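*Asks:* Sharing a structure here in structure tokens format.
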Amino acid sequence: MTEATPIESTDAIGNSPASPQSLPWAARTRGLVGSIIDSSTSLLQRQTHDIVSFAMGSPAAEAVPFDAFRQIYDSVLADAGAAAYAYGATEGEVALRDELLAYLESTPERTSAERLLITSGGMQGLDLAGKVFIDPGDLVIVEAPTYTNGSATLLTYGADIMEAPTDDDGLMVEALPELVQKAGRLPKAIYVIPNFQNPTGTAMSLERRLLLLALAKEWGSIIIDDDPYGMLRFDGGHIPGFRELGGGDPLVFSVRTFSKILAPGLRVGWVDADPSIVAKLIDAKQTMDTCTNVPNQLLSAEFLRRGNLEPHLVRLRSEYHTRMSAMQTSLEAHFSGRATWTNPEGGFFLWLTFGEHVDTSKLFDLGLQKGVAFIPGRAFSVTGQFGNALRLCFASQTPERTELGISRLAEALDAL
Ligand code: PMP
């Protein structure tokens with residue numbers, strides 16, 4: 001091994017270096033809270049013992065269509081030569097835009113070219129929403145619990161986050177007028193994950209979606225409609241989404257991604273919004289990353305062009321249904337009477353709630369020792385609620401590994 005170069009203790013003229021505290025940080029960095037969810041990836045990678053991880057919201061390794069990807073890389077991308085690695089158009093590669101529009105045409109999410117912006121994953125869609133709509137101090141309503149990477153993104157633009165309660169039918173929209181009245185000002189935006197919510201796995205009822213649309217119109221609030229899991233419904237009937245119900249209303253800002261239905265490492269997603277908003281988003285994206293990863297857009301485009309997406313989704317839905325049912329069976333066997341949990345009709349996650357006395361942050365440490373990982377409930381609330389709950393991703397483990405992991409979780413609870 002080569003020896004590490006020692007860190008300089010003085011500069012070229014003998015001055016000691018500035019301390020990190022004295023750097024001219026932007027005030028914005030105070031809103032940069034990072035992600036407990038994402039940090040769990042590096043924590044888990046450092047472990048050397050066997051761990052059944054229900055932590056990250058990753059597709060099953062077996063669910064990523066590597067063979068199709070390899071074929072496409074070897075043929076289409078190889079044939080495209082250097083063009084596949086040049087700067088692309090900010091709004092996205094023509095090939096992907098065309099294929100995506102054609103695919104969406106057969107779904108309730110059908111849309112038009114001028115409403116579409118290809119993004120670097122869903123996170124960039126959320127970031128762009130914050131960038132063009134949120135000023136410091138603006139009130140933003142989020143679900144409690146919510147995907148805190150989403151609320152953290154809005155926090156970086158200075159949002160004043162207000163948590164609103166949820167139940168098995170999603171955000172309790174009927175509670176919002178009173179909350180807004182108490183806040184004494186109207187929300188600039190309402191951030192919702194309508195289908196198979198992260199972290200609870202529940203879906204917002206149609207009545208509540210309609211009421212939210214009506215309230216947003218009354219208040220002039222943007223609905224940030226974050227729906228990475230909507231195409232992964234494996235049970236129950238379709239509930240029309242905000243894009244569909246809004247009929248193109250400019251207040252509906254829809255964020256979508258290939259991360260959960262193809263692969264998260266591609267970093268390809270899209271925003272569907274009013275054309276006037278998309279024009280602003282293009283300007284905003286040009287100050288961020290110029291364009292989305294071109295090879296991965298071409299890969300996604302060709303996957304769609306070959307008609308691979310629909311059969312792939314059919315397989316995913318069936319596999320995730322099997323995995324969710326397996327997790328329900330294991331939970332019944334090990335946690336009956338000790339916890340309650342949700343029963344999702346799609347997506348990746350379910351939410352487990354213990355009695356008040358159980359602290360799932362402590363349970364996390366014990367679980368890790370026993371070889372199981374999850375995300376503690378507090379990670380899903382900006383005010384640190386849900387200390388007695390946790391999120392389990394059922395999508396990434398086989399039924400056998402799920403049974404092993406849930407039995408380890410029960411041992412950890414015994415030890416606690
Ligand atoms: N929104 C929600 C609700 C998510 O669960 C995720 C991924 N965990 C994202 C957005 C981010 O998606 P991407 O990986 O495409 O940035």
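*Asks:* For residues that are in contact (Cβ under 8 Å) with a residue 60 or more places away in the chain and more than 25 Å from the chain's Cα centre (by Cα), scanning just region 296-328, find the one that is surrounded by the most Cβ atoms within 10 Å (Cβ to Cβ).
*Replies:* Checked region 296-328; the qualifying residue surrounded by the most Cβ atoms within 10 Å (Cβ to Cβ) is 305.
*Asks:* May I pose another question? Would you check which residues across region 205-222 are in a loop (DSSP other than H, G, I, E, B) and either in contact with a helix residue (DSSP H, G or I) (Cβ under 8 Å, 6 or more places away or on another chain) or without any contact (Cβ under 8 Å) to a residue 24 or more places away in the chain (or both) and list them?
*Replies:* Result: 221, single match.
*Asks:* With region 74-190 as the region, which helices (runs of 4 or more DSSP H) entirely inside it contain at least 2 residues that are under 20 Å from residue 290 (Cβ atoms), at pLDDT 95 or above and of a type in the set (A, V, I, L, M, F, W, C)?
*Replies:* Filter on region 74-190 gives 94-105, 121-133.
*Asks:* Another question, then. Could you say whether any residue in region 145-153 is at positive phi and within 21 Å of the chain's Cα centre (by Cα)?
*Replies:* So far as region 145-153 goes, no, none of its residues is at positive phi and within 21 Å of the chain's Cα centre (by Cα).
*Asks:* Could you please let me know if residue 176 is within 16 Å of the ligand (Cβ to nearest atom) and open to solvent by less than 10 Å² (accessible area, probe 1.4 Å)?
*Replies:* no
*Asks:* Take residue 141 and tell me if it is in the same structural domain as residue 239 (by TED's automatic domain parsing), buried (at least 22 other Cβ atoms within 10 Å of the Cβ), within 16 Å of the ligand (Cβ to nearest atom) and touching a residue at least 40 places away in the same chain (Cβ under 8 Å).
*Replies:* Spelling it out, residue 141 is indeed in the same structural domain as residue 239 (by TED's automatic domain parsing), buried (at least 22 other Cβ atoms within 10 Å of the Cβ), within 16 Å of the ligand (Cβ to nearest atom) and touching a residue at least 40 places away in the same chain (Cβ under 8 Å).
*Asks:* So, of the residues in region 243-267 that are within 23 Å of residue 304 (Cβ to Cβ) and of a type in the set (A, V, I, L, M), which turns out to be nearest to the ligand (Cβ to nearest atom)?
*Replies:* Taking the candidates together, the pick is 255.
*Asks:* Out of 61, 95, report the one residue that is loosely packed, with under 15 Cβ neighbours inside 10 Å and either on the phi < 0 side of the Ramachandran plot or more than 16 Å from the ligand (Cβ to nearest atom) (or both).
*Replies:* It is 61.
*Asks:* Does region 100-110 contain at least one residue that is of a type outside the set (D, E, K, R), within 16 Å of the ligand (Cβ to nearest atom) and under 30 Å from residue 241 (Cα atoms)?
*Replies:* yes
*Asks:* Working carefully through the options 283, 225, find the one that is in the same structural domain as residue 96 (by TED's automatic domain parsing) and either touching a strand residue (DSSP E or B) at 6+ places or on another chain (Cβ under 6 Å) or in a strand (DSSP E or B) (or both).
*Replies:* On the way: 283 fails: either touching a strand residue (DSSP E or B) at 6+ places or on another chain (Cβ under 6 Å) or in a strand (DSSP E or B) (or both).
Within the list 283, 225, the selection yields 225.
*Asks:* Given (1) at negative phi; (2) within 16 Å of the ligand (Cβ to nearest atom); (3) touching a Pro at 6+ places or on another chain (Cβ under 6 Å), where does residue 221 come up short, assuming only one miss?
*Replies:* (2) is the only condition that residue 221 fails.
*Asks:* Let me ask you something else. Tally up the residues in region 351-394 that are part of a loop (DSSP other than H, G, I, E, B) and either over 19 Å from residue 161 (Cβ atoms) or hydrophobic (A, V, I, L, M, F, W, C) (or both), please.
*Replies:* Matching residues across region 351-394 total 12.
*Asks:* Name the one entry in 57, 34 that is touching a Phe, Trp or Tyr at 6+ places or on another chain (Cβ under 6 Å) and in the same structural domain as residue 407 (by TED's automatic domain parsing).
*Replies:* 57
*Asks:* Additional query: Sort out which residues of region 117-137 are more than 16 Å from the ligand (Cβ to nearest atom) and buried (at least 20 other Cβ atoms within 10 Å of the Cβ), and write them in order of number.
*Replies:* Of everything in region 117-137, those that are more than 16 Å from the ligand (Cβ to nearest atom) and buried (at least 20 other Cβ atoms within 10 Å of the Cβ) turn out to be 133, 134.
The values are calculated or read from the model by the stated rules, or taken from the named source; none is laboratory data. In this text, all values refer to a predicted model and were calculated from it rather than measured experimentally. FYI the Cβ positions are ideal-geometry reconstructions off the backbone, even for glycines, and counts take in every protein chain you see. To get the accessible areas, we keep the full protein, side chains included, count just its heavy atoms, and leave off ligands, DNA and RNA. Shrake-Rupley method; radii C 1.70, N 1.55, O 1.52, S 1.80 Å.
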